[in-house]
1. Quickly work out the Arg81-to-Asp105 label distance, labels modelled 7 Å from Cα along the C-beta direction, and quote it in nm with one decimal.
2. Please give me the summed charge of the neighbours of Leu45: other residues whose Cβ is under 12 Å from its Cβ, Lys and Arg +1, Asp and Glu -1.
3. Enter the accessible area per residue of the stretch 53-105 (Å², integer; probe 1.4 Å; all protein chains in place).
4. What nm distance separates the two modelled labels at Asp54 and Tyr95, each placed 7 Å from Cα along Cα→Cβ?
5. Can you give the net charge of the other residues whose Cβ lies under 13 Å from the Cβ of Lys122, counting K and R as +1 and D and E as -1?
6. Please give the net charge around Tyr58, taking every other residue with its beta carbon less than 14 angstrom from that of Tyr58, where Lys and Arg add +1 and Asp and Glu add -1.
7. Taking a probe of 1.4 angstrom, what is the accessible area of Phe131 in Å², to the nearest 10?
Amino acid sequence: MKLKICLLLALTIMFFGCKKIEGEGGSAEIVGKVYFQDVDNNGNLVGDKYPAHDERVYIIYGAEGSYHNDDYRSSYDGSYRFEFLTKGTYQIFAYQECNTCPSGDEAVIKTVTVDSKKSSTKVPDIILDNF
């Protein structure tokens with residue numbers, strides 16, 4: 001009898017204690033596109049935006065994350081896809097040139113929430129300044 005109670009208690013703790021945090025291991029995906037926008041030396045937009053192919057796009061699992069967990073190279077049309085995700089909040093970003101930043105570049109960040117475990121969540125376009 002004690003063995004059954006201990007086993008039942010252990011299974012209950014395992015079932016309710018295993019909350020999955022944001023990250024890999026699910027069947028949801030995040031998709032989007034990244035574009036370049038030419039900018040002159042005065043910061044004025046020049047022409048239309050165009051697909052940023054072979055650009056690195058990064059993902060941070062969780063809204064409070066402080067470093068990227070994975071990256072993807074954009075396709076010829078600027079598209080990217082992060083797959084096998086669980087429900088939660090994610091930050092998607094790419095780096096753009098920055099004339100006034102000490103490092104010479106800055107992150108353009110979009111925060112998205114995956115609401116269900118089999119969803120496809122679209123990120124608003126990431127538009128990178130190109131000087």
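The values are calculated or read from the model by the stated rules, or taken from the named source; none is laboratory data. Just so we're clear, the structure is a prediction, and the values are computed from it rather than from any experiment. Cβ sites come from the backbone with ideal geometry, for glycine too, and all protein chains shown count toward neighbours. In case anyone asks, the SASA skips ligands and DNA or RNA and just uses the protein heavy atoms, side chains included. Shrake-Rupley method; radii C 1.70, N 1.55, O 1.52, S 1.80 Å.
1. 2.5
2. Values: positive: Lys49; negative: Asp38, Asp40, Asp48, Asp129.
That sum, taken over residues with Cβ under 12 Å, equals -3.
3. Working: 3070 Å² over 53 residues.
Per residue, the stretch 53-105 has an accessible area of 58 Å².
4. Placing both labels 7 Å beyond Cα along the Cβ direction yields 1.7 nm.
5. Working: positive: Lys33, Arg81, Lys110; negative: Glu29, Asp115, Asp125.
Combined, the nearby Lys, Arg, Asp and Glu give 0.
6. Residues near Tyr58 contribute -1 overall.
7. Rounded to the nearest 10, that gives 80 Å².
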